[in-house]
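Single-structure report; data block below.
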Amino acid sequence: MARINVRAPLQPPLLRIEPFKGMNVGVTPTQIDQSQSPEMINMNIDERGALNKRTGYERVFQESLGPGQINGLYEYRKANGETHFLIAHGTKLFKQTNRDQPVELFEGLANLKVVFFTMNDNCYIMDGVNYFVYDGETVKDVAPYVPTLSISREPTGGGEPYEDFNLLGTEFKDSFSGDGTSFVYQLSLGDLDSSLILASFDGGVTFDQIEGENFLVDRINGKVNFFESSIPPKGTNNIVIKASKKIDGLNNRIKKCKFYVLYGGSNDTRVFLSGNPDMSDYVWRSGLYDPSYFPENGFYKFPDAVMGFTKQYDYLVVERVNGKHQISFSIDSEGFASFPSIPINDQVGTIASGSIQIIENNPVSLSRNGVYMLISSNVRDERNVSHISSPIDPWLLKEMNIENAVSIDFNKKYWIALNGKVYILDYAQRSESSPFGEWIVYDNIFASCFIQLGDNLIFGSSKEGIVYRFKKESEAKPYNDDGLPIKALWKSKFFTFGMDERRKLVSKVFYSLKPTTRGSADIYYKSNKKMSELLKTTRVDILDFRNVDFSKFSFLFSSFPLEKMVKIKAKKITHFQLVIENNKLDEGLGLLSLGIKYIYQSEVK
């Protein structure tokens, strides 16, 4: 008699989720990749594709500096090895040493965003109203460089143009070749102000010829009339006259600027400034290694408002509201430097100055339509930018006051913060499906500015006068935000298990947790029928004498993952979502893998 083999009906395989990917709200929760999440808060992805709860932050100093946000942070490094950690808050500038309470250095800042830069071993401070310099001892107004407008000038005028008038100051000099007989010397400018005028007969070494004692001045016509007893001697560029012409509002072109970049081709030889709200489409450049000199004609006028700067290779990229320009550096045969400018993109601009960063030599910034990366600045081409934030744009672009976003590039992650959230591109997590990296989101981080000090990430509060430091996993009790719990949340996509037309029974979920000093995972699920109650809490604690909590004491020493299972029994469902969270003080959460066991049921009617 023939034997009939009856084959048991095939059961679907276990649906596995590993490695994990980032968040994607650019499409519906049923359309995203199997390993992506429609909502993932305060979770990181490590190099193996596992999920880990982010670490928290602690105060850098204990007592608040007062109400109002931190306006700026900067580490000023001097050539002798001294470092000064500077904090701008309100109208005051503070210096902090080690973990001590900051000490006030200066009062007189505008209560606005403050930026800093270092050149010639001095720290320059810009607040949109004032322009200060700090030498490690005192803070004072920048003393403007006094340019020589002409050289080889005859007493009656002429000569060779030499330097431009300094926008930052009022004083100027003319260098004359005296003829030994003339006593009237014509300056380059008239309508001089009332400042005392001085002259030198030794080429500008000593200005010992004084107005009223050695000469009189016709200020309207810009003429200096020497007395017979003080007739200038004959020589070449031996007579230098220093005068002053004040033009109302001229220095505000520089002082009202809000951002800068150091640039000079392959070397940072000059300071470029912009962000003046009265002349938002202008950029000014300084003299060679001289932030106290901004030549009158050293400017650029662009088609629309300039929002900031980045650098790519040897080029300076000017980020505009509606596009991008490129400034390059060249030296002619006579040794004169020039900085020609050309447009490179007229479609994608920048709306948030604080969002601009350089990611692996590619400028990145926030536009009206999301975050874009400039891939190449060699030619004018609308395709030389790439949209990199589409997975999180529906969240990001709904944020209030998006133009106030601030950012930093830290640990191969591009952070962009606003309204207590941080949207992070983890560009170490590149893959064929995510060529720019994976996006994750943090909350409860109210940052007004960031700075990296060594391997530490520091941020200033946007709510009060406090500065915070993110902790490291290796530290004791890393999982709290200034003493408060961190809520870590991960949701899977809504699975249909490859058959939208069938109902399913989900019976079990297997999960692998990373060992940690103190940690746990709360498991929930959501279906097209209901949101479950808490299904299970799994603890995973390793004995660590740095941080012993006897209420959760464990003799577990193993560093192997903790494999667990939870029964679900979600019947006759079409869509299934797994929810895992941890909202407990000083607890971590590490998720290595997931497996969902299911079977197909009847067809949908």
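The values are calculated or read from the model by the stated rules, or taken from the named source; none is laboratory data. Because the structure is a prediction, the values reported are computed rather than measured. Because the Cβ atoms are built from the backbone with ideal geometry, glycine has one as well, and the counts that use them run over all protein chains shown. To get the accessible areas, we keep the full protein, side chains included, count just its heavy atoms, and leave off ligands, DNA and RNA. Shrake-Rupley method; radii C 1.70, N 1.55, O 1.52, S 1.80 Å.
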In nanometres, the difference between 0.36 nm per residue of separation and the alpha-carbon distance of Thr181 and Asn411 is 75.7 nm
Charged-residue dipole, Cβ positions (Lys, Arg, Asp, Glu), the chain about Cα centre, Debye nearest 20 | 5160
Scan around Asn237 for amide H atoms under 5 Å from its own, H built in the peptide plane at 1.01 Å from N, and keep only partners 5 or more places away or cross-chain.
-> Ser152, Ser177, Gly178
Under-5 Å amide H pairs with His89, H placed in peptide plane, nonlocal only | Asn71, Phe94
Of the listed peptides 452-460, 136-144, what is their order by residue-averaged count of other C-beta atoms within 10 Å, with the highest listed first?
-> 452-460, 136-144
Region 216-340: radius of gyration and largest Cα-Cα distance (Dmax), Å | 19.5, 63
Leaving ligands, DNA and RNA out of it, work out the accessible area of Ser474 with a 1.4 Å probe and give it in Å² to the nearest 10.
-> 80
For Lys567, go through the aspartates and glutamates and keep the ones whose alpha-carbon is under 18 Å away, minus same-chain ones fewer than eight residues off.
-> Asp522, Glu533, Glu581
Using the structure shown, list the pairs from Lys413/Lys536; Lys514/Lys536; Lys536/Lys569 with a Cα-Cα distance above 23 Å, or answer none.
-> Lys413/Lys536
Got a sec? Charge dipole of the chain, +1 on Cβ for Lys and Arg, -1 for Asp and Glu; which of Phe117, Val406, Ser229 is way out at the positive end?
-> Val406
Go through 25-36, 336-347 and give me the packing order, highest mean Cβ count within 10 Å leading.
-> 25-36, 336-347
For Val348, Val103, the accessible-area ranking with a 1.4 Å probe, largest leading, is Val103, Val348
Can you run phi through the Karplus equation (6.51, -1.76, 1.60; θ = phi - 60°) for region 348-353 and list ³J(HN,Hα) in whole Hz, with x for Gly and Pro?
-> 10, x, 9, 10, 10, 4
Run the quick spin-label model on Ser338 and Val103: label points 7 Å from Cα toward the beta carbon, then report their separation in nm to one decimal.
-> 5.1
Derived scalar couplings ³J(HN,Hα) [region 224-231; Karplus, 6.51 cos²θ - 1.76 cosθ + 1.60; whole Hz; x for Gly, Pro] = 10, 10, 6, 6, 4, 6, 10, 5
Per residue, what accessible area does the chain have, given a 1.4 Å probe and all protein chains present, in Å²?
-> 46
Selected from Asn252, Ser328, Tyr162, residue furthest toward positive end of dipole (the chain; charges at beta carbon) | Ser328
Please work out the FRET efficiency for the pair Phe560 and Met400, using the Cβ-Cβ distance as r and a Förster radius of 51 Å; give the result to the nearest 0.05.
-> 0.65
What is the set of long-range amide H partners of Gly349 at a cut-off below 5 Å, with H atoms built 1.01 Å from backbone N?
-> Gly323, Arg368
Dipole axis of the chain (+1 Lys, Arg; -1 Asp, Glu on Cβ), positive-most option in Asn80, Ile356, Gly264 = Ile356
Ile358 accessible area, nearest 10 Å², 1.4 Å probe?
-> 60
Applying the Karplus parametrisation 6.51 cos²θ - 1.76 cosθ + 1.60 with θ = phi - 60° to the phi angles of region 403-413, what ³J(HN,Hα) value in whole Hz is obtained for each residue in order, glycine and proline being reported as x?
-> 5, 8, 4, 10, 8, 7, 9, 9, 6, 6, 9
Taking each pair of different alpha-carbon atoms in the chain once, compute 1/r for the pair, average those values, and report the inverse of that mean as the Kirkwood hydrodynamic radius in Å to one decimal.
-> 28.6
